[in-house]
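Asker: Please see the structure below; I have some questions.
What follows draws every value from the coordinates through simple rules; no lab data is involved. Note that the structure is predicted; figures quoted are calculated from it, not measured. Neighbour counts are summed over all protein chains in view; Cβ atoms, including those assigned to glycine, are modelled from backbone coordinates with ideal geometry.
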Amino acid sequence: MSTFELSAQPREQTMMRETEAVAAVAAGAAGTFAIEATDVNIFYGQFRAVKDVSLQIQKNKITALIGPSGCGKSTMLRAFNRMNDLVSTARIAGEVLFHGRNLYAREVDPVEVRRKIGMVFQKPNPFPKSIYENVLWGAKINGFKGKADDLVEQSLRQAALWDEVKDKLKQSGLSLSGGQQQRLCIARTIATRPEIILMDEPCSALDPIATLKIEDLMRELVEKYTIIIVTHNMQQAARVSDYTAFFNMEQDRAGYLVEYDDTKKIFTNPKDQRTEDYVTGRFG
Ligand SMILES: Nc1ncnc2c1ncn2[C@@H]1O[C@H](COP(=O)(O)OP(=O)(O)OP(=O)(O)O)[C@@H](O)[C@H]1O
Ligand SMILES: [Mg+2]
């Protein structure tokens, strides 16, 4: 039994095991990671935005990436599903291992990568189509052949939106509130049956109530998926994530990883003074 199948254990004990697991991460234990970046450097032209980052993401957990503006969080997040490929000047060195294969190996299809590793953006971006078609969109492109009605219902239920939209599936996705639109985008991502969901500040355009709804949803989704979230909101990182990676910038603005640990540890007893200064609001 792996360290991460202990949900029936008392929370205290689970926390302890998780801390041990972080130690195991450091020791290089294999097989438990959803995805693993090794010595990643990312450049935009001559400019190095991300410097020497190695980060091992645990399965069925929420990992938060935090740090000051411009330290490379979004760039790093996009490296996990080859989204930086869409930027012509972007170049990556290092490896991102997913199921034991480097995502950047020549034979790997980036479109397939993005199906397995989906992304939810800062601003909800439903298409100007019906709610129903929005959910089906990615799945259809990927050749989904099953029962569309079932997939739509299932995905909307998982995104905690079904009850609010079940009677108006033919209405435009754009007719929904911001928080509902973001859950629709999550439903659309889920419908392609990903393993990992990347979220780049998914709540920054939402009010506090819609934000809490998305956070509750994330805690539900993580039973089935691995989630990596970028957030500027320290309370959100502390509330929602299991692990936190704190990034900072060098003088030349290259972003690097300062500390990666259990979220509780990062927020209550970090090892590094820079982490402490950041999480207590002394800079950033
Ligand atoms: N398409 C791009 N072309 C050139 N430089 C870019 C591009 N995207 C980002 N950068 C630069 O790379 C660095 C990291 O940017 P990134 O967006 O990853 O930071 P971030 O930590 O997500 O910041 P924020 O918290 O403001 O969203 C910044 O210096 C930024 O200006
Ligand atoms: Mg960003």
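Asker: Using DSSP to call loops (not H, G, I, E or B), can you name the GluC sites (Glu not before Pro) in the stretch 170-225 whose Cβ has at most 12 other Cβ atoms within 10 angstrom? Walk me through the intermediate numbers first.
Answerer: Details: sites: Glu195, Glu215, Glu220, Glu223; in loops: Glu195, Glu223.
Filter output for the stretch 170-225: Glu223.
Asker: What does the charge count near Arg48 come to, summing +1 for each Lys or Arg and -1 for each Asp or Glu among other residues with Cβ under 12 Å from its Cβ?
Answerer: Residues close to Arg48 contribute a combined charge of 0.
Asker: Length gain on complete extension for the stretch Val108 to Leu212, per 0.36 nm per residue less the alpha carbon to alpha carbon distance?
Answerer: 33.8 nm
Asker: What is the order of Arg193, Arg188, Arg157, Arg48, fewest Cβ neighbours within 10 Å to most?
Answerer: So the ranking, lowest neighbour count to highest, is Arg157, Arg193, Arg48, Arg188.
Asker: Still on this structure: Please list, by residue number, every one of the GluC sites (Glu not before Pro) in the stretch 240-284 that is coil in DSSP and has at most 12 other beta-carbon atoms within 10 Å.
Answerer: Within the stretch 240-284, the qualifying GluC sites (Glu not before Pro) (loop, at most 12 other Cβ atoms within 10 Å) are Glu250.
Asker: At 222 nm, what helix-only mean residue ellipticity would the chain give, in deg cm²/dmol to the nearest 500, using -39500 (n - 2.57) for each DSSP H run of four or more?
Answerer: -10500 deg cm²/dmol
Asker: For a 30 Å ceiling on Cα separation, which of these pairs sit above it: Lys116/Lys147; Lys116/Lys271; Lys168/Lys264; Lys61/Lys168; Lys59/Lys265; Lys51/Lys264? Present the calculation step by step, with values, prior to reporting the outcome.
Answerer: Numbers: Lys116/Lys147 20 Å; Lys116/Lys271 34 Å; Lys168/Lys264 42 Å; Lys61/Lys168 33 Å; Lys59/Lys265 19 Å; Lys51/Lys264 26 Å.
Over 30 Å Cα-Cα: Lys116/Lys271; Lys168/Lys264; Lys61/Lys168.
Asker: Continuing with the same structure: With a 10 Å cut-off between alpha carbons and a GNM built on the chain, which of Glu201, Glu164, Glu95 moves the most?
Answerer: Glu164
Asker: Let me ask something else about it. Can you tell me the FRET efficiency between Ser69 and Lys147 if r is taken as the Cβ-Cβ distance and R0 is 45 Å, rounded to the nearest 0.05?
Answerer: 0.50
Asker: How much length would be gained if the chain were fully extended between Asp167 and Phe283, taking 0.36 nm per residue of separation minus their Cα-Cα distance, in nm to one decimal?
Answerer: Here the answer is 37.0 nm.
Asker: Right, something else. Arrange the following residues from fewest to most other Cβ atoms within 10 Å of their Cβ: Thr192, Thr275.
Answerer: Working: Thr192 20, Thr275 23.
Arranged by neighbour count, lowest to highest, Thr192, Thr275 become Thr192, Thr275.
Asker: So how strong a dipole does the chain carry about its Cα centre when Lys and Arg Cβ are +1 and Asp and Glu Cβ are -1, to the nearest 20 debye?
Answerer: Its charge dipole is roughly 760 debye.
Asker: Order of Thr280, Thr231 from fewest to most other C-beta atoms within 10 Å? Intermediate values should be presented prior to the final figure.
Answerer: Working: Thr280 11, Thr231 24.
Taking fewest neighbouring Cβ atoms as first place, the list is Thr280, Thr231.
Asker: Just Lys271, Lys213, Lys145 to compare: in a GNM of the chain, with alpha carbon springs under 10 Å, which one fluctuates most?
Answerer: Lys145
Asker: Full-extension gain between Lys271 and Phe47, please, as 0.36 nm times their residue separation minus the C-alpha to C-alpha distance.
Answerer: That pair, Lys271 and Phe47, stretches by 77.7 nm at full extension.
Asker: Taking amide hydrogens as modeled 1.01 Å from N in the peptide plane, which residues meet the under 5 Å criterion relative to Val120, leaving out close sequence neighbours?
Answerer: Leu198, Met199, Asp200
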